[in-house]
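Undergrad: Quick one: the structure is below, and I'll ask about it shortly.
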Amino acid sequence: MIEKFRIRTTERVELIDITSEVEDAVARAKVEEGIASVFTRHTTTAVFINEAESGLLRDYLALLERLVPPRAGYEHDRIDSNAHAHLRSMLLGSSVSIPIANSRLALGTWQRVLFAELDGPRERSFFVSVVRA
Ligand code: ZN
């Protein structure tokens, strides 16, 4: 089963916890054991798993700012000035796979699924594919 979720981001760079949407998709799929894949089709967004503590959410963004600052002489900026957003997306990745056990996401206690807007605000979407094992 594949579900598409729409998301309207409100900031230029922003992290959104989408764990409950993924859990809902798993519940609707009625899969006891399997894999949930979360995928973003955009080249300036990302999906990753980590803790969603508020200080840490700011730390992730501060790290991206340090590692990949905007307008640092990137070739792609001659086209649309958002090379830093593409490069940050490449570092974080565009999908995650999560095991499903007992009809629930088998995430660790502090793990959350985070959607990263890296060149917003925009209308975005992501897919959740639930596969029976
Ligand atoms: Zn671009």
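Undergrad: Among (1) assigned to a helix (DSSP H, G or I); (2) over 16 Å from Ala133 (Cα atoms), where does Ala27 come up short?
TA: Here Ala27 meets the rest and fails (2).
Per-residue answers, yes or no, for (1) modelled with pLDDT under 95; (2) among the aromatic types (Phe, Trp, Tyr); (3) open to solvent by 50 Å² or more (accessible area, probe 1.4 Å):
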position: Arg41; (1), (2), (3): no, no, yes
position: Ile49; (1), (2), (3): no, no, no
position: Tyr60; (1), (2), (3): no, yes, no
position: Glu65; (1), (2), (3): no, no, yes
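Undergrad: Here is a list: Ala62, Ala46. Which entry is within 16 Å of the ligand (Cβ to nearest atom) and not in a loop (DSSP other than H, G, I, E, B)?
TA: Going through Ala62, Ala46 in turn, the sole match is Ala46.
Undergrad: Output yes when any residue across region 82-93 is among the polar types (S, T, N, Q) and open to solvent by 30 Å² or more (accessible area, probe 1.4 Å), and no when none is.
TA: no
Undergrad: Please find, within region 71-93, the residue that is farthest from Gly120 (Cα to Cα) out of those that are more than 12 Å from the ligand (Cβ to nearest atom) and over 16 Å from the mean Cα position of the chain (by Cα).
TA: Gly73
Undergrad: Give the residue that is nearest to Ser37 (Cα to Cα), with candidates limited to residues of region 107-121 that are open to solvent by 50 Å² or more (accessible area, probe 1.4 Å) and either in contact with a Ser or Thr (Cβ under 6 Å, 6 or more places away or on another chain) or small (Gly, Ala, Ser) (or both). Outline the logic, then answer.
TA: Within region 107-121, the subset open to solvent by 50 Å² or more (accessible area, probe 1.4 Å) is 109-112, 121.
If we keep only those that are either in contact with a Ser or Thr (Cβ under 6 Å, 6 or more places away or on another chain) or small (Gly, Ala, Ser) (or both) as well, we get 112, 121.
Working: Arg112: 14, Pro121: 24 Å.
Filtering first and then ranking leaves Arg112.
Undergrad: Also: Could you list all residues from region 96-133 that are hydrophobic (A, V, I, L, M, F, W, C) and more than 30 Å from Arg12 (Cβ to Cβ)?
TA: If the condition is that a residue be hydrophobic (A, V, I, L, M, F, W, C) and more than 30 Å from Arg12 (Cβ to Cβ), then Ile100, Ala101, Ala106, Val130, Val131, Ala133 are the ones that fit.
Undergrad: Next question, about the same structure. Among the residues of region 16-34, is there at least one that is touching a residue at least 24 places away in the same chain (Cβ under 8 Å), surrounded by 13 or more Cβ atoms within 10 Å (Cβ to Cβ) and in contact with a Gly (Cβ under 8 Å, 6 or more places away or on another chain)?
TA: So far as region 16-34 goes, no, none of its residues is touching a residue at least 24 places away in the same chain (Cβ under 8 Å), surrounded by 13 or more Cβ atoms within 10 Å (Cβ to Cβ) and in contact with a Gly (Cβ under 8 Å, 6 or more places away or on another chain).
The values are calculated or read from the model by the stated rules, or taken from the named source; none is laboratory data. Remember, it's a predicted structure, so these values are computed and weren't measured experimentally. All Cβ positions, glycine included, derive from the backbone under ideal geometry; neighbour counts span all protein chains shown. Note: areas computed on protein heavy atoms with side chains; ligands, DNA, RNA excluded. Shrake-Rupley method; radii C 1.70, N 1.55, O 1.52, S 1.80 Å.
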